[in-house]
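Structure provided below as structure tokens; questions to follow.
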Amino acid sequence: MGEAAARRPAEVAAVRAAIRMGYRLIDTAEMYGEGGAEEVVGQAVAEALRAGEVRRDELFIVSKVYPHNASRDGTPAACARSLARLGLDHIDLYLLHWRGQFELAETCDALRALVDKGLVRHWGVSNFDTDDMEELAATCGGAADCAANQVYYSVRERGPETTLLPWLRTHAMPMMAYSPIDQGALASDTALAPIAARHGITPAQLALAWVLAQPDVCAIPKAVRPEHLQDNLAAAQIQLTPADLAEIDRLHPPPLRKKPLAML
């Protein structure tokens, strides 16, 4: 969102609609639309708060800092710009979008300082594989206060399952799955269609329900159209059986060996 001014009203309306439906976690980043997405979220949240549709403490707003901004001085400056675009006094979860040229210890110190100042409630990372998480734990005084790792994870992109997801679970750190429907591609997955039909749902809903069925994983699908927002929210209530999960494993097998994480 936030890439074209002409789409701004529809995008703000989509976020407002999501809030009215019951969505409470909203993910954005300074990279999306070069701040435009944060402005969309900020306008929608401000309108929803003024209308009494939600309280600020009921929302969990996630944003991310560009790697080239993630220095000791650059991180707080980027956070200040994000807060201004969002129109908020704090961000609930602030992530390093991916690894860049700055030392992890420097970025971690900057993120922790934002938490100490109350500008950020929690900090975390995105697109970090197992070796990155191990380095984070070794060089940043442990990773206990790293709140989450956001990575690409879907029924067809199961790379995190080999080592990363077990590592995160061992450290009681949730994984946030972005692109859980493969940017909409799984909506036309013919292999999943028979299973979805048995449940009276769409293949996209099945794919999203599969991600949500994985322990310690949450999902952040993108949607703008009201019907897609409704479908995604309904997917959280779908209960897949062990037989369903086994059949999905047969159709889209988990990786047999470690491979690089997919990244968008």
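If you take Rg/Rh (Cα atoms, Kirkwood Rh) from the coordinates, which of [x] 0.97; [y] 1.29; [z] 0.95 do you get?
Identified label for the calculated read-out: [x].
Starting from the Cα of R24, step 7 Å along the direction of its Cβ; do the same at R250; then give the gap between the two resulting points in nm.
Between R24 and R250, the label points sit 3.9 nm apart.
Under 9 Å from the Cβ of S82, count the other residues' Cβ atoms, weight Lys and Arg +1, Asp and Glu -1, and hand me the total.
Within the 9 Å Cβ shell, the charges total +1.
With unit charges on the beta carbons (Lys and Arg positive, Asp and Glu negative) and the dipole taken about the Cα centre of region 5-251, which residue among T170, V125, A44 sits farthest to the positive side?
A44
So, one more: Which are the unpartnered cysteines of the chain, meaning those with no other cysteine Cβ under 4.7 Å from their Cβ?
If one checks each Cβ against the other cysteines of the chain, C79, C146, C218 turn up with nothing under 4.7 Å.
Return the FRET efficiency for the residue pair E161, R7: r is the Cβ-Cβ distance, R0 is 35 Å, and the value is rounded to the nearest 0.05.
Once rounded, the FRET efficiency stands at 0.50.
Compare M176, M21, M133 in a GNM of the chain, Cα atoms joined below 10 Å, and give the one with the largest fluctuation.
M21
In debye to the nearest 20, how big a dipole does region 5-251 give about its Cα centre with +1 on each Lys and Arg Cβ and -1 on each Asp and Glu Cβ?
It works out to roughly 780 debye.
What is the magnitude of the charge dipole of region 71-128 about its Cα centre, with +1 placed on the Cβ of each Lys and Arg, -1 on the Cβ of each Asp and Glu, and no other charges, expressed in debye to the nearest 20?
140
Let me ask another. Give the residue from I201, V115, H90 lying farthest towards the positive end of the charge dipole for the chain; charges sit on Cβ (+1 for Lys and Arg, -1 for Asp and Glu) and the dipole is referred to the Cα centre.
I201
A further question on this structure: By the scheme Lys and Arg +1, Asp and Glu -1, what is the net charge of all other residues having a beta-carbon under 12 Å from that of D182?
+1
Moving on to the next point. With label points built 7 Å along Cα→Cβ from the Cα atoms of A138 and Q101, find their separation and express it in nm.
About 2.4 nm, to one decimal.
Another question, if that's okay. Based on alpha-carbon centroids, what's the gap between region 142-190 and region 192-264 in Å, whole number please?
Comparing the Cα centres of region 142-190 and region 192-264, I get a distance of 12 Å.
Throughout, read-outs are computed from the coordinates displayed, never taken from laboratory work. Since the structure is predicted, the reported quantities are computational estimates derived from the model, not experimental observations. All Cβ positions, even for glycine, are placed from backbone atoms using ideal geometry, and neighbour counts span all protein chains on display.
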